[in-house]
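First the structure, in the form of structure tokens, and then the observations on it.
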């Protein structure tokens, strides 16, 4: 048995949760516990979770508070010295925890480790995220989001030291957390092997509510504005927002996406060649 608590926020995801939990419960290194935090789902969606008892612990929030609050509830309840997160529609490969656990045992200075992501689509397409530097720096965290929560294994003490997730952010909470972890000096490593499989499709609010995603990215950038300007130089906040707008436009696709993408280039202005 490991020292790892798994935390999974859940909100009306009956369609995918069985796939997610199967991948977590079949890990070659079994977790200490699996905590599913129901974030105010409908009664029928909440009852569906009972079929997974007693293999999981279920924590119920009285009303929907967002993914940050749900994860914080899981962090507070976790008994393990380490916490791994998954999203309720994503999957892990069978040796995900074992590989990460081996890494942190070989690197005792490491406070957390995340990995590449394999994204899969309903039409059969797949893609693997680009490799990044093996260790998170404050410059990298400020430049762009480096950490995907469904791939992260981290010390519970590190999360609690930075007060967990900022519950003001219902989107882009991972970007904010990465910046705060790096600023606090925690050591977060990256493994290039894709150990998490992330589901993408037009069912997701990330595709429907792309304008909310842009607003969230702007809010995170402005929240850390002084740090951006101090570490990356004058205009860094605007450049980060411009990159975010282009990224969301590219994800959105279609005519609207192309217009959003073009708006990002305009916002980036003459600084775009240095981005």
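Any read-out appearing in this document is the output of simple, stated calculations on the displayed coordinates, not a laboratory observation. These numbers come from a predicted model, not from an experiment. Positions of Cβ are backbone-derived with ideal geometry, glycine not excepted, and every protein chain shown enters the neighbour counts.
Data for the structure
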| quantity | calculated |
| --- | --- |
| Computed lengthening from residue 132 to residue 3, 0.36 nm per intervening residue step minus Cα-Cα distance | 43.7 nm |
| Cβ-Cβ FRET estimate between residue 58 and residue 166, R0 fixed at 30 Å, reported to 0.05 | 0.75 |
| By average C-beta atoms within 10 angstrom, highest first, the peptides 2-8, 221-227 | 2-8, 221-227 |
| Inter-probe distance in nm under a simple model that places probes 7 Å from Cα toward Cβ, at residue 229 and residue 121 | 4.0 nm |
| Relative contact order (%) - criterion: Cα under 8 Å, at least six apart; region: the chain | 18 percent |
| Packing-based exposure ordering (other Cβ within 10 Å, fewest first) of 127, 88 | 127, 88 |
| Virtual spin-label span in nm between residue 157 and residue 77, 7 Å along Cα→Cβ | 2.5 nm |
| Pair residue 106, residue 47: separation of 7 Å Cα→Cβ label points (nm) | 4.9 nm |
| Mean Cα-pair separation over length for region 115-202, i.e. relative contact order, pairs under 8 Å, 6 or more apart, % | 52 percent |
| Estimated [θ] at 222 nm from DSSP helical runs (n ≥ 4, -39500 (n - 2.57)) normalised by residues in the chain, nearest 500 | -13000 deg cm²/dmol |
| Cut-off 18 Å, label 7 Å out along Cα→Cβ of residue 29, residues of region 55-83 by amide N | 79-83 |
| For 10, 121, 48, order by how many other beta-carbon atoms lie within 10 Å, fewest first | 121, 48, 10 |
| Quarter of the Cα convex hull surface for region 31-173, i.e. its orientation-mean projected area (nm²) | 10.2 nm² |
| Fewest-first sequence of 63, 51 by Cβ atoms within 10 Å of each Cβ | 63, 51 |
| DSSP beta bridges in the chain [antiparallel fraction, %, rounded to 5] | 30 percent |
| Compactness of the chain, expressed as Rg and Dmax over alpha-carbon positions, Å | 18.5, 58 |
